[in-house]
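Report on the structure given below.
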Ligand code: HOZ
């Protein structure tokens, strides 16, 4: 599969002006060894490249587009907001509305602060956690990704895992030494770190369902165990629900499993495809944030009226329709049809799914942590990605990211996908 002429030409030019020719590493298609496709437009479940080719899209802008691309009501809400001015740098009604929706959907969130990305949300959340506990260390998990703040780029997932450099250069030794790393789904590794340094740990930050080493689900005792350990040691528990927030249901993964973290980080769906993040939690913690309290954090474009309009319209539609049931049913159909096709064929494919989010790993292991993710055959994924693209289906250009089904996908799309996977497996086997 080769990209069209225009994508190739644009990529050549882009490399002259932007590092690696992109503004976010995984988009460069390096780990799948292809020229990236430059996208010119998107509608519903489809994206179109600059050479005019159409693709069924499972990237969905890495998760925000739960309603599909260019949903008419979201587009209309953004257009109306833009007609009233694109940014005020002052409070606006729409940000109060979005904050109210978030607080109502999450029992653990009394107050929330809007920012511009998930990275800002996680960076700010640990600042508040450090101030609240008067401790410095944080504990994260191998393969989890919490944006590109210095404290998190240690044994991280997503683009770092894709590039094979899970710990980024450029992080001062002093900062790196404040981040402890445990193993996802391994409470013993958390208990050992707390036994040694528990009174120095400000917070444990975790993606409650990990979505940046591919999708890895927590085992039943993992999140309750984290809640108990953090409570016992007076540390905070931070759920990074940037991917899972309003994706797995109205609210977060925490609502599905009935665990209340102290702080929650959000992004993606709450911005309806515009740049938004947020962090929130218990009032006594969030009241430390300036100007109520002394912990400084600010942003010119925070609570931007266009982003708030897209987020409010998206959450409004999610609250009053059956989108979660519909996209969950499509996920189930995909899993069931794949299971039938996968029986009795030689290529081993592990399929992890949570409602409308899923990942495929070419391994015969049960995928439950970083080590089992790393057993997956990345060369096979490369061939799979190319084959699916050739058949008109766009997947994440990395074996360590997640696919998303939107409300614009339908059962014919699922059947098309299963057919394309079967055709790849027939040739691969
Ligand atoms: N790290 C993002 C997905 N988990 C990728 C963002 C992008 O390249 O747009």
Give me the Debye-computed log₁₀ of I(q)/I(0) at q = 0.17 Å⁻¹ for the range 270-429, equal point scatterers on Cα only, no solvent, two decimals. -1.05
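Give me the extension gain from residue 364 to residue 322: residue separation times 0.36 nm, minus the current Cα-Cα distance, reported in nm with one decimal. Before the final figure, lay out the partial values.
Working: separation 42, 0.36 × 42 = 15.12 nm, distance 3.51 nm.
My answer for the length gained is 11.6 nm.
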Of 23, 116, 185, the most mobile residue in a GNM of the chain (C-alpha springs, cutoff 10 Å) is 23
Distance in Å, no decimals, from the C-alpha centre of the range 237-255 to the one of the range 94-153 is 12 Å
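Specify whether the C-alpha gyration tensor of the range 302-378 places it in the rounded, prolate or oblate class, a ≥ b ≥ c being the square roots of the eigenvalues: rounded for a/c under 1.5, otherwise prolate if a/b is larger than b/c and oblate if not. Mind dumping the intermediate values first?
Numbers: a/c = 4.25, a/b = 1.91, b/c = 2.22.
Verdict is oblate for the range 302-378.
Tell me, what is the FRET efficiency for residue 379 and residue 195 to the nearest 0.05, using R0 = 41 angstrom and their Cβ-Cβ distance as r?
On the way: r = 41 Å, r/R0 = 0.99.
Result of the calculation: an efficiency of 0.50.
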Choose one answer from 246, 141, 29: the residue with the largest mean-square fluctuation in a GNM of the chain with alpha-carbon springs under 10 Å. 29
Whole-Å semi-axes of the ellipsoid equivalent to the range 190-345 (Cα gyration tensor, √5λ, descending): 30, 26, 12
Where in the range 292-334 is the amide nitrogen less than 18 Å from a point lying 7 Å along the Cα-to-Cβ axis of residue 88? 299-313
Pick from 156, 131, 290: which residue has the top mean-square fluctuation in a GNM of the chain where Cα pairs under 10 Å get a spring? 290
Looking at the P(r) of the range 254-310, how many percent of alpha-carbon pairs lie beyond 16 Å? 56 percent
Simple spin-label estimate for residue 371/residue 24, 7 Å along Cα→Cβ, in nm, reads 3.2 nm
According to the Kirkwood expression over distinct Cα-Cα pairs, how big is the hydrodynamic radius of the chain, in Å? 22.1 Å
Once you have a ≥ b ≥ c as the square roots of the Cα gyration tensor eigenvalues for the range 1-114, tell me rounded if a/c is under 1.5, and otherwise prolate or oblate according to whether a/b is larger than b/c. prolate
Three-way shape call for the range 1-45 based on the alpha-carbon gyration tensor, with the a/c threshold at 1.5: rounded
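None of the figures in this text is laboratory data; all of them are computed from the coordinates on show. The structure presented is a predicted model; accordingly, all values stated were derived computationally and were not measured. A quick note on method: Cβ atoms are made from the backbone with ideal geometry, for glycine too, and the neighbour counts reach across all protein chains shown.
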